[in-house]
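Asks: Please find one structure pasted underneath; my questions will follow.
The values are calculated or read from the model by the stated rules, or taken from the named source; none is laboratory data. Remember, predicted model here, so these are calculated numbers, not experimental data. Cβ placement follows ideal geometry from the backbone for every residue including glycine, while neighbour counts extend to all protein chains displayed. Accessible surface is based on the protein model in full, side chains and every heavy atom, while ligands, DNA and RNA are left aside. Shrake-Rupley method; radii C 1.70, N 1.55, O 1.52, S 1.80 Å.
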Amino acid sequence: MFIDQVKVYVKAGDGGDGIAAYRREIYVPKGGPAGGDGGNGGDVIFKVDEGLNTLMDFHYNRHYKAKRGENGMSKNKHGKNAVSLVVDVPPGTTVSDEDTGEVIADLTEHGQEAVIANGGRGGRGNSRFASARNPAPELSENGEPGQERNIKVELKLLADVGLIGFPSAGKSTLLSVVSAAKPKTAEYHFTTLTPNLGVVDTDDQRSFVIADLPGLIEGAHEGIGLGYQFLRHVERTRVLLHVIDMAGIEARNPYDDFVKINRELKEYDAKLMERPQIIAANKMDMPGAEENLREFKSKLDDEYPVYSISALTKEGARELVFAVADVLDKTPRHTQEIDETDEKVVYRYQKEETPFTITKDSDGTYVLSGAKVEKLFKMTDFTKDESVQRFARQLRGMGVDDALRRRGASDGDIIRLNDFEFEFIE
């Protein structure tokens, strides 16, 4: 089964909790605080493994969760940091955030790594809060929650050459002739349901990877047929090899086929039309092919080289392979587009995201929410009075008290934060 697009949930490890402990040893009066910090949670890391060529593993496991850090210990012992969770992915994998659409990583080379979700920081022990005013604090932090996100993982095959064309144009047969690949071939449309890769070796010791992509049809960029599902794989190829049924066996006009396929590529991504394109006039052993080829060339611009072949009899295949190799030699493997413009980038101050929001439920309860305030809540140990008092000071410093007053909160009103409820006191 070929899997090239999946949605996955990832959760980095939470940080370990810091503890409140004291040094108690004989002959050591007033030992003072000795609570250690918690360990950091593990990251979720994607790493490229060139031995993989599909996202099959994600099909069976859609949830990845790293381990949390170890809690701190007495005698100022630091909790153990959690080991990161490393997930192997094939070359050509793109990871994006499903909620925001932001591209997190584009992994193309073997061994390349990217942190997809960051582990939480370990909570601080009470020895970190000691001060001249409070030399023995009963105060510690819980670990910071690890980052969690829903991501979309896409695979775009890393092939040098992409075979494109209408169904039954002979793409799979050509791939089987020029490489050792053995794709399924039959006399009906959409025989190829998944992309097939093959390595082509020329007689002069050159080689390249060629991908047979499922047949495109008119309207593929809008989701018609199988083309839209695999058009993303064309993005990575350096050269497009357009296979055309020059015999017109299915009563289609070869030039119309060429125009329609290029239109679909342009509608999907206009940059694809900038790729070098070679035309393989296939099925030249069939009646009427020569006449159609002459008509085809009369309508075609000279920018596209045309090679007459017959994938069935292997006629012209050797010349086509050499021509493709020559074009690849002139085409850079990785191109980075640089827009030449006179515009200057001006960095402006961006206001930080609102740390909290306040809403009111139908029962009259004020609901406090927001990423920053919820993070502080999760890192507070509510079993210790000093921690609760510190949390109250943090809310006051963020302006929560004033905001509640402006919303009409009065003494004794209930405030809810996650599942925790407390009274508003003036």
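Asks: By the scheme Lys and Arg +1, Asp and Glu -1, what is the net charge of all other residues having a beta-carbon under 12 Å from that of Glu113? Can you show the working numbers first?
Replies: Numbers: positive: Lys47; negative: Asp43, Asp49, Asp88, Glu109.
Local net charge: -3.
Asks: Would you tell me the accessible area of Thr383, worked out with a 1.4 angstrom probe on the heavy atoms of the protein chains, in Å² to the nearest 10?
Replies: 120
Asks: Related question: Under a Cβ-Cβ cut-off of 11 Å, what is the net charge of the residues other than Glu426 that fall near it, where Lys and Arg count +1 and Asp and Glu count -1?
Replies: Values: positive: Arg405; negative: Asp401, Asp411, Asp413, Glu423.
Net charge around Glu426: -3.
Asks: Hey, rough spin-label estimate for Asp329 and Thr357, points 7 angstrom out along Cα→Cβ, what's it come to in nanometres?
Replies: In this crude label model, Asp329 to Thr357 measures out at 6.1 nm.
Asks: With each run of n ≥ 4 DSSP H residues scored as -39500 (n - 2.57), what mean residue ellipticity at 222 nm is computed for the chain after dividing by its residue count and rounding to the nearest 500 deg cm²/dmol? All intermediate terms of the calculation are to be shown ahead of the outcome.
Replies: Numbers: 9 runs with 86 residues, N = 426.
Calculated at 222 nm, the ellipticity per residue is -6000 deg cm²/dmol.
Asks: Cross-link candidates for Lys30: which lysines have Cα within less than 17 Å, leaving aside residues fewer than 8 places away along the same chain?
Replies: Lys75
Asks: Can you give the translational diffusion coefficient of the chain in µm²/s, computed by Stokes-Einstein from the Kirkwood radius over Cα pairs at 4 °C and 1.567 mPa s? Spell out each step's value before the answer.
Replies: Numbers: Rh = 26.6 Å.
My calculation gives 49 µm²/s for D.
Asks: Would you mind calculating the gained length between Lys299 and Arg24 on full extension (0.36 nm times residue separation, minus the Cα-Cα distance), in nm to one decimal?
Replies: Working: separation 275, 0.36 × 275 = 99.00 nm, distance 9.29 nm.
Gain in length upon complete extension: 89.7 nm.
Asks: Related question: For the full complex of protein chains and a 1.4 angstrom probe, list Ile210, Ile26 by accessible area with the highest value first.
Replies: Values: Ile210 5, Ile26 125 Å².
Largest accessible area first, the list is Ile26, Ile210.
Asks: With a 1.4 Å probe and all protein chains in place, put Glu98, Glu291 in order of accessible area, largest first.
Replies: On the way: Glu98 80, Glu291 120 Å².
So, going from the largest accessible area down, we get Glu291, Glu98.
Asks: In Å and whole numbers, how far do the C-alpha atoms of region 258-328 stretch along each principal axis, longest first?
Replies: 35, 27, 21
Asks: Please report, as a whole percent, how much of the solvent-accessible surface of the chain comes from carbon and sulfur atoms (probe radius 1.4 Å). Intermediate results must be reported in sequence, preceding the final value.
Replies: Working: 10960 of 23670 Å².
The value for the chain is 46 percent carbon and sulfur by accessible area.
Asks: Net charge within 13 Å of Val367 by Cβ-Cβ distance, Lys/Arg positive one each and Asp/Glu negative one each, not counting Val367 itself?
Replies: Values: positive: Lys360, Arg407, Arg416; negative: Asp361, Asp363, Glu374, Asp413, Asp419, Glu421.
Combined, the nearby Lys, Arg, Asp and Glu give -3.
Asks: While we're here: Please compute the per residue accessible area over the chain with all protein chains in place, 1.4 Å probe, rounded to a whole number of Å². Walk me through the intermediate numbers first.
Replies: Details: 23670 Å² over 426 residues.
Each residue of the chain exposes 56 Å² on average to a 1.4 Å probe.
Asks: Can you tell me what share of the DSSP beta bridges in the chain is antiparallel? A percent to the nearest 5 is fine. Provide the component values of the computation, followed by the final result.
Replies: Values: 39 of 65 bridges.
About 60 percent, rounded to the nearest 5.
Asks: Right, something else. Which sequence of Asp419, Asp361, Asp212 reflects their accessible areas, 1.4 Å probe, from the largest down?
Replies: Details: Asp419 155, Asp361 60, Asp212 0 Å².
Solvent-accessible surface, decreasing: Asp419, Asp361, Asp212.
Asks: Less than 30 Å apart at the alpha-carbon level, and either on another chain or at least 8 residues along: which lysines does that give for Lys360?
Replies: Cross-link targets: Lys351, Lys372, Lys375, Lys378, Lys384.
Asks: As an exercise, use a Förster radius of 30 Å and the Cβ-Cβ distance of Glu274 and Tyr9 to find the FRET efficiency, rounded to the nearest 0.05.
Replies: E(calc), rounded to 0.05, equals 0.20.
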